[in-house]
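Working notes for the structure below.
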Amino acid sequence: MYWLQRKNAIACCLKYQKIYQRMKASEPQTKLAQKLAEIRQRSQLKEAQQLLSDFGIPLDRCLIFLPNTFASERLEQWLSQAFPWQFGQIDWRKVSGSICLSWNNYDEAASAFNCLCKTQQFGNPIVNVMWFSTYRPIIEMQLDLVQISLAALLAEDWDTWIFDPASGWCVEFYHEGTIGYGRIF
């Protein structure tokens, strides 16, 4: 009986020792994964800063929310839950009081956006710019900076959303030449 108990105790110890060794072996992998994530984030931040510099947007007047961070996921979630979606774009037919416009080039889109900003009396709130690509950061800046560089911002990706969660509005620039505007409040 004693030997059976001892044998079971040894087997149990060996089992936990193997688990410990596996955990210890995975520590370098975990550290490596963390290091790679840090390098990726630094690279994404430098790329975003360079992008804003190329647009002439002062870095000290912006916040950059890198992909897969709490802040970017919170903003993505707000946009996806605040408006009805269909086929990768907001379904403006289901947004009461929405406005839809057409555009053929970036200059037309910028002109239509500036007109929309005036008619809706947006003022100069802090807004978020989000692109279709999930690899792109979300940029937070004042609306006047967006207006100045809108053509360049739109040229960065297929679809672009400019939105203000505090006021509950969004402007969507869809790649097939439409601008949609709506407010949820």
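Here, each number is a calculation from the coordinates, and none is a lab measurement. All figures in this text were calculated on a predicted structure; none of them were measured in a lab. Cβ: placed from backbone, ideal geometry, glycine included. Neighbour counts: every protein chain shown.
Counting charges near Pro58 (Lys, Arg +1; Asp, Glu -1) among other residues having Cβ under 15 Å from its Cβ returns a value of -3.
Here the Karplus relation 6.51 cos²θ - 1.76 cosθ + 1.60, evaluated at θ = phi - 60°, turns the backbone of the stretch 92-108 into coupling constants of 5, 5, 9, 9, 4, x, 5, 10, 10, 10, 10, 8, 10, 8, 5, 5, 4 Hz, with x for every Gly and Pro. Rounded to the nearest Hz, the phi-derived 3J(HN,Hα) couplings of the stretch 40-45 under the Karplus curve 6.51 cos²θ - 1.76 cosθ + 1.60 (θ = phi - 60°) are 4, 5, 4, 5, 5, 5, where x marks glycine and proline. The angle separating the long axis of helix 143-155 from the principal Cα axis of greatest extent in the chain is about 80 degrees.
Give me the log10 of I(q) over I(0) for the chain at q = 0.08 Å⁻¹, as the Debye formula computes it from C-alpha points; what are the numbers? Calculated log10 I(q)/I(0) at the listed q: -0.38. Distant-in-sequence amide contacts of Phe83, defined by a placed amide H-H separation under 5 Å and a gap of 5 or more residues or a different chain, comprise nothing. The lysine pair tally for the chain, using Cα distances under 24 Å and a gap of 8 or more places or different chains, is 8. Within the shell defined by Cβ-Cβ distances under 12 Å, the residues around Leu150 carry a net charge of -4, with Lys and Arg each +1 and Asp and Glu each -1. The residue list Ile57, Pro84, Gln120 was ranked by how far each Cα lies along the charge dipole of the chain toward its positive end, using unit charges on Cβ atoms, and Pro84 comes out on top.
Using the Cβ of Ser102 as centre and a radius below 14 Å, the other residues enclosed give a net charge of -4, where K and R count +1 and D and E count -1.
Averaging the sequence gap over all C-alpha pairs within less than 8 Å and six or more residues apart, then dividing by the number of residues, gives the chain a relative contact order of 21 percent.
Computed about its Cα centre, the charge dipole of the chain is approximately 1780 debye, with only Lys, Arg, Asp and Glu carrying charge at their Cβ.
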